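The values are calculated or read from the model by the stated rules, or taken from the named source; none is laboratory data. It should be emphasised that the depicted structure is a prediction, and the values quoted were computed from it without experimental measurement. Heads up, the Cβs are rebuilt from the backbone with ideal geometry, glycines too, and the neighbour counts pull from every protein chain shown. To get the accessible areas, we keep the full protein, side chains included, count just its heavy atoms, and leave off ligands, DNA and RNA. Shrake-Rupley method; radii C 1.70, N 1.55, O 1.52, S 1.80 Å.
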Amino acid sequence: MAISERHAQQLDRTAARPDQQVPNVVEFRGVSMQFNSGDMGLEDATFSIRRGEFVFLVGHTGSGKSTIMRLLIKEHEPTAGSIRVAGHDLAKLDRKKVPYYRRNLGIVFQDFKLLPDRTVHDNVAYALQVTGGHRKEIRAKVPDILRLTGLSTKLHNFPDQLSGGEQQRVAVARAFVNHPPLLIADEPTGNLDPETSIGIMQLLYRINRTGTTVVVATHDHAMVDRMRRRVIELNGGRVVRDELTAGYRQDEVSTGEFGALLREPAPAPRRLPDPGDLFDDAF
Amino acid sequence: MRFSFFLKEAMRSVNRNAIPSFAAVASVVVTVLVLGVFIPVVQATTGAANEVRGRVLVDVFLKTDAKPADVQRVRVLLSQKTKHVGKVQYVSKADAYKQEKKRNPEAYQLLGSNPLPDTFRVTPDKADNALALRDELAPISASGSRTSIDPAIDKVENRKDQTGKILTATRVVKLAMFMLAALLVIASILLISNTIRLSLFSRRREVEVMKLVGATDWFIRWPFVIEGVVLGALGGVVAILVLLVSKIALIDPLASDFALIASPKTISFSLLVSLLFAASVTVSGLGAGLSLRRFLRV
Ligand SMILES: Nc1ncnc2c1ncn2[C@@H]1O[C@H](COP(=O)(O)OP(=O)(O)OP(=O)(O)O)[C@@H](O)[C@H]1O
Ligand SMILES: [Mg+2]
């Protein structure tokens, strides 16, 4: 598939450097964030995320998950500490360069943030249009990404003609259409039922397997525990846990298996591959 | 591609904010109409006032019993020995009588004899010298009354007072028009700015998404600037069409009758139109800029 090939090529190019010299994709060093109101959004948070990782941010409401996301897209400036993305200090990033920086991030929110008066296709194309993408580029990329996210048959639907899960797929497609090296999702499944949530998580995992680093903030402890991925837990703005949950698997699993992991606490029994799984295994 | 994208986005907004857009266009129409009438009218009245000024005369009335020798002596005095004299025109008793009789035949029918004196109409070299000229011909004596420098001269009068009134009147008209125009311009700027604000509000979702996916500040701003300018230009064009139609239908047929309208000193119509168009675009650009500065911190 065109998209995964293109992405694999990009990864090959960066992989030429020795591994040790590759900077962490995200590095928080003693980051605190105090809002003007006096609320502490984040207190002395230190963690780093390596390239290609799939990381969960968990914590109760008000624990600072969204604050981390906002700091990452440079919507806010931290009151203390430093944030480095791909080795570059965000504090040194000029205000004018922020839009160009954000083009390297895919951003997904709980409330989808789709434009209601545009079709699925146009919503995704919009991300390319407003960053100066040309018609040719749009024609090449949009159908690809919609196929990846399983929206090929909904091209001309408007957001209100889609289910919540489908809307979130559109949002993910829009976030990923530029193939950003880092994708952050703030409670992407917050509004979705468990089964639909699993679909979205599978999609994010599929994106992760193309080499993109994925950071997902979520409330859903149960699902996180079943996922055997890295979890950073926050409480009152502090990092209280940063570990690989029990059973974290170094080896890659297919998206189908990943989905099964999510559905059941026990290891998934081997199922007969259905067409969807075959499709998934192409990545 | 880029421009067509901006234009499309701008038109989307205009559509969505039909009513405030209409209000903004209407206010630009009114403003441009007033400016379009105001500029030529002020120019024409200023021109007329200047013309009146240019015609300020000093009338030198001779005594009714002046002899032809006296007339000759005063003529030489005026044209050769007096400063500030531009032109001297002699109106004899008989000529004056003829002119006045023509203007008011019945009154002069009743008068048996001719009561009018011989007169010199002296135009000063400059309108502002009219008073000096008068003082020279009839200096004010110590007692406060005027005595003419020549015994044959009865009275020296000028029409400065009337001129002053005309000039004051045009100044007031100009000031009033200017203030009206300024108020309308401000109203237009505010209405355009309000429209853009509403459109910013109704498009806040787009703006949010644009920021998220990394659109540059100016990329976000352009559709709004274009929206404002399109509204302004639309208002300008409508007003200019109205002006054009009224010029063809009303002013042109009258132009031959009214010297004021045909006055060569008024601005040419094409220049006026381009000025007005430029003004409406500038006003709307300012209005849009005002809102973008205040409400779009990108
Ligand atoms: N813009 C803001 N101004 C002031 N305080 C804020 C702002 N944003 C967040 N906070 C505060 O910072 C703290 C962390 O908020 P944050 O949104 O990061 O929590 P969260 O973990 O995302 O919660 P949730 O799971 O409910 O989304 C909260 O106490 C909140 O009140
Ligand atoms: Mg949050």
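Could you sort out which of A:Lys97/B:Lys8; B:Lys174/B:Lys247; B:Lys126/B:Lys155; A:Lys74/B:Lys8; B:Lys67/B:Lys98 sit more than 23 Å apart by Cα distance in this structure? Among A:Lys97/B:Lys8; B:Lys174/B:Lys247; B:Lys126/B:Lys155; A:Lys74/B:Lys8; B:Lys67/B:Lys98, the Cα-Cα distance tops 23 Å for A:Lys97/B:Lys8; A:Lys74/B:Lys8. Here the gap between A:Asp225 and A:Glu243, fully extended at 0.36 nm per residue and compared with their Cα-Cα distance, gives a gain of 5.4 nm. On a 0 to 90 degree scale, rounded to 10, what angle separates helix B:18-54 from the longest Cα axis of chain B? In chain B, helix B:18-54 runs at an angle near 20 degrees to the longest axis.
Solvent-accessible surface (1.4 Å probe) assigned to B:Ser270 amounts to roughly 90 Å².
If you plug the beta carbon distance of B:Phe5 and B:Ala169 into 1/(1 + (r/R0)^6) with R0 = 51 Å, you get a FRET efficiency near 0.40. The separation of the range A:68-136 from the range B:55-93, counted between C-alpha centres, amounts to 90 Å.
Taking Cα atoms only, the orientation of helix B:217-246 departs from the longest principal axis of chain B by about 40 degrees. Over the range B:57-157, with every protein chain in place, what whole percent of the accessible area is carbon and sulfur at 1.4 Å, could you tell me? It is 52 percent, rounded to a whole number. The mean of 1/r over all pairs of different alpha-carbon atoms in the range B:51-133, once inverted, gives a Kirkwood hydrodynamic radius of 14.0 Å. Compute the Rg/Rh shape ratio of the range B:1-139: radius of gyration over Kirkwood radius, all on alpha-carbon atoms. Checking Rg against Rh, the ratio lands at 1.46. Computed per residue of chain B from DSSP H runs no shorter than four, each worth -39500 (n - 2.57), the mean residue ellipticity at 222 nm is -23000 deg cm²/dmol.
In the range A:106-139, the residues whose accessible area drops by at least 40 square angstrom when the other protein chains are added to the isolated chain are A:Lys113, A:Leu115, A:Asp117, A:Arg118, A:Tyr126, A:Gln129, A:Val130, A:Arg135; the probe is 1.4 Å and only protein heavy atoms count. The protection proxy used here, the mean number of other Cβ atoms lying within 10 Å of each residue, ranks peptides A:203-211, B:191-199, A:184-192 as follows, highest first: B:191-199, A:203-211, A:184-192. Gain on full extension, evaluated as 0.36 nm per residue between B:Ser268 and B:Lys81 minus their Cα-Cα distance, stands at 62.9 nm. Mind listing the long-range amide H neighbours of A:Ser32? Cut-off is under 5 Å, sequence gap 5 or more, other chains count too, H placed in the peptide plane at 1.01 Å from N. HN-HN under 5 Å from A:Ser32: A:Asp44, A:Ala45, A:Thr79, A:Ala80, A:Gly81.
Can you tell me the FRET efficiency between B:Asn114 and B:Ala142 if r is taken as the Cβ-Cβ distance and R0 is 51 Å, rounded to the nearest 0.05? That gives a FRET efficiency of 0.90.
Annotation: amide H of A:Val108 within the under-5 Å range of A:Ile184, A:Ala185, A:Asp186, sequence separation 5 or more or interchain, hydrogens built in the peptide plane. Spin-label model, B:Asp59 to B:Val30: label points 7 Å out along the Cα-to-beta-carbon direction sit 4.7 nm apart.
Going from the chain on its own to the full set of protein chains, the range A:87-104 has these residues losing 40 Å² or more of accessible surface (heavy atoms, 1.4 Å probe, no ligands, DNA or RNA): A:Pro99, A:Arg102. Among the residues of the range B:191-205, those with an accessible-area drop of 50 Å² or more from chain alone to full protein complex, heavy atoms and 1.4 Å probe, are B:Arg205. For the chain pair B and A, the buried solvent-accessible surface (1.4 Å probe, both sides summed) amounts to about 2000 Å². Roughly speaking, to the nearest percent, how much of the range A:65-119's 1.4 Å accessible area is carbon and sulfur? So the carbon and sulfur contribution to the accessible surface is 51 percent.
For chain B, the longest principal axis of the C-alpha atoms and the axis of helix B:2-16 are separated by about 80°. Counting only Cβ charges, +1 for Lys and Arg and -1 for Asp and Glu, the dipole size of the range B:57-157 around its Cα centre is about 240 debye. Kirkwood-type hydrodynamic radius, chain B: 24.5 Å, calculated from all non-identical alpha-carbon pairs.
Surface exposure of the range B:57-157, expressed per residue as accessible area with a 1.4 Å probe, stands at 61 Å². If you plug the beta carbon distance of A:Ala91 and B:Arg294 into 1/(1 + (r/R0)^6) with R0 = 30 Å, you get a FRET efficiency near 0.60. Which shape class, rounded, prolate or oblate, goes with the range A:125-187 when its Cα gyration tensor gives a ≥ b ≥ c as root eigenvalues, a/c under 1.5 marks rounded, and past that a/b bigger than b/c marks prolate? In terms of gyration-tensor shape, oblate.
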